[in-house]
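In what follows, a single structure is set out as structure tokens and then discussed.
What follows is calculated from the coordinates using simple rules that are stated; it is not laboratory data. Keep in mind that this is a model prediction, so the values were computed, not measured. FYI the Cβ positions are ideal-geometry reconstructions off the backbone, even for glycines, and counts take in every protein chain you see.
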Amino acid sequence: MSDSSAVRPTLIRGGRVLDPASGHDDVADVMLGGDGRILEVATSLEGHIDSSVAVIEAHDRLVTPGFVDLHTHLREPGHEYKETVATGSASAVAGGFTTILCMANTQPVNDTGSVTRFIVDKARECGLARVLPIGAVSRGMKGEALAEIGDMIANGAVAVSDDGLPVMDAHLMRCALEYTAGLGVPVIAHEEDSCLAGRGCMHEGEVATRLGLPGIPGASEDIMVARDIVLAELTSGHLHVAHVSTEASVRMIRDAQARGVRVTTEVTPHHFTLSDEAVEGYDTATKMAPPLRSVSDRDAIIEALKDGTICCIATDHAPHATVNKDLEFELAANGVVGLETAWGLTVKLVEAGHFDLMTAVRLLTSGPAECFGLDLGSLKPGAPADIAIIDPNASQEVEAQQLFSKSSNTPFAGWELPHRIERTIFGGRTVYLWDGQRGEVGFQDMG
């Protein structure tokens, strides 16, 4: 370990540099300045090497911008037994993420500038990754009155959302879209009609019937997506649909985008990888909101990734302790951890021929950054030196108990995933390094 404040000029030599923001895809060197920013990307930068410069050999490796996740749950304050800002940040950098946005469903809810500032300070104290808070839409996430949105934005929030709960009041949603339009931030919507969803705990369909579990129809999402697209068109606000999961929702979003409505959306790796068939066996690691949908829904989501309707992949990293998950399926908490498996699951889509590596990188870097207007996710000169170095010839077995997250609720335990995150650099400092047996999180010596 080295002093966390020290940033040493560093040359990353000879890797395949994939930077969707600039279109760069070639073997090159990347020079990082002592100010923690990208200095230059070029075919050869040997002339920069002197005794003050650390050299990282990246031959046969991929060099990409650090990943950006628009949707995580860090649980602090209030639920530190599930996750903290520090453990969530560790999980992030182990997965190649250098920027994560965290949802407001903490205790107390992040509905004031003081709670937002608490999270910002915790992230600065940890220093492993860039943690950007998302404030609540409504006070206490009760869906009754707007939260202190301006105060939260002033203290570091970059979006608002009541994620985990829908905003059922259409007037309140209209007010949120109108207000945030003037502030230039998106409203992230958890689209679910709670009346239709009822007591459901998985997707309504043949599998739910066979398992004897109450179902949640896809229409519970579709109705809310339709309503909020109309409100976004009315207000000119930026609507971002969280974790889209149905074919009909994707179709409506695509049509709205074609009309010029400011609506964007994300998809999670578990929704583009699994279907409701994974619930066979009643494994509560497959319980989430929205639920795993039908095979046809999953296929429609993949097509939407390919045609650009979906702008990015977001993990919806939702850690839960064993006490919350080791229950009957209907009683178990919704959610899975996802930061450390996102890249491998995305690469599986590349291996299946759905798109190329550059597209995969875009969906986790410049795609989410551009979606929310963040000046991140690129290797342009002057950009923060946030970088993932990936071994494309390795693979990793998902061991739930070895994850850096405080929780281990993953449906991918035992899966062999392609590629391995070898090194993550945040602000010019190595914060994660694979040592050949296991990764280590912390400020590493670059030399």
Fill in the blank from the handout: Rounded to one decimal in Å, the inverse mean reciprocal Cα-Cα distance for the stretch 134-210, i.e. its Kirkwood radius, is 13.5
Completion exercise
Row for the stretch 369-447, column shape: gyration tensor on C-alpha, a ≥ b ≥ c, rounded if a/c < 1.5 i.e. under 1.5, prolate if a/b over b/c, else oblate; value prolate
Fill in the blank from the handout: Of the candidate values [x] 58, 52, 43; [y] 66, 46, 43; [z] 68, 58, 43, the one computed for Cα extents along the principal axes in Å from this structure is [y]
Exercise for the section: Scan around residue 292 for amide H atoms under 5 Å from its own, H built in the peptide plane at 1.01 Å from N, and keep only partners 5 or more places away or cross-chain. Expected result: 203
Handout entry: Positive-end extreme of charge dipole, the chain - chosen from 414, 138, 396 (charges on Cβ)
Key = 138
Practice task
List the residues whose amide H sits under 5 Å from the amide H of residue 69, counting only those 5 or more places along or on another chain, with H placed 1.01 Å from N in the peptide plane.
Solution key: 99, 100, 101
Practice task
Give me the distance in nm between label points sitting 7 Å out from Cα along the Cα-to-Cβ direction at residue 416 and residue 328, one decimal.
Solution key: 3.9
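Highest mean first, what order results for 72-78, 93-99, 253-259 on Cβ atoms within 10 Å?
Ranked by mean Cβ neighbours within 10 Å, highest first: 93-99, 72-78, 253-259.
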Handout entry: the stretch 377-419: C-alpha gyration tensor shape, a/c 1.5 cut-off, then a/b vs b/c
Key = oblate
Practice task
Give the peptides 35-44, 216-225, 117-126, 199-208 in descending order of average Cβ contacts within 10 Å, highest first.
Solution key: 216-225, 199-208, 117-126, 35-44
Problem - Spatial extent of the stretch 286-399: Rg and Dmax, with the Cα atoms as the point set, Å - result: 16.4, 52
Exercise for the section: Just round it to a whole percent: the fraction of Cα-Cα distances in the stretch 63-162 exceeding 18 Å. Expected result: 40
Problem - Lysine pair number, Cα distance threshold 21 Å (strictly under), the chain, separation 8 or more or different chains - result: 9
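Can I get the semi-axes of the stretch 199-324's equivalent ellipsoid? Compute them from the C-alpha gyration tensor as square roots of 5 times the eigenvalues, in angstrom, largest first.
Numbers: eigenvalues 143, 43, 38 Å².
Result for the stretch 199-324: semi-axes of 27, 15, 14 Å.
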Problem - the chain, relative contact order [Cα under 8 Å, separation at least 6], % - result: 20
Handout entry: Directionally averaged projected area (convex hull, Cα atoms, the stretch 1-149), nm²
Key = 10.9
Fill in the blank from the handout: Checked against the positive end of the charge dipole of the chain (+1 on Cβ of Lys and Arg, -1 on Cβ of Asp and Glu, about the Cα centre), the farthest of 323, 338, 113 is 113
Handout entry: Crossing angle, helix 113-126 versus the chain [Cα axis fit, 0-90 degrees, rounded to tens]
Key = 30
Handout entry: C-alpha center-to-center spacing [the stretch 380-447, the stretch 173-222] in angstrom
Key = 33
Problem - Cα-centre dipole for the stretch 67-371 with unit charges at Cβ (Lys and Arg positive, Asp and Glu negative), debye to 20 - result: 580
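Could you give the size of the charge dipole of the stretch 19-142 about its Cα centre, using +1 on the Cβ of each K and R and -1 on the Cβ of each D and E, expressed in debye and rounded to the nearest 20?
In total the dipole reaches around 1020 debye.
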Practice task
Compute the signed sum of charges (Lys and Arg +1, Asp and Glu -1) over the other residues within less than 11 Å, Cβ to Cβ, of residue 147.
Solution key: -3
Handout entry: Paramagnetic label zone (point 7 Å from Cα along Cα-to-C-beta, residue 251; backbone N under 13 Å) in the stretch 183-223
Key = 219, 222-223
Exercise for the section: Go through 335-343, 181-189 and give me the packing order, highest mean Cβ count within 10 Å leading. Expected result: 335-343, 181-189
Exercise for the section: Only residues of the stretch 23-47 count here: report those whose backbone N is under 17 Å from the spot 7 Å along Cα→Cβ of residue 356, or say none. Expected result: 23-28
Practice task
Only helical DSSP H runs with n ≥ 4 go in: add -39500 (n - 2.57) per run for the chain, normalise by residue count and round the 222 nm mean residue ellipticity to 500 deg cm²/dmol.
Solution key: -8000 deg cm²/dmol
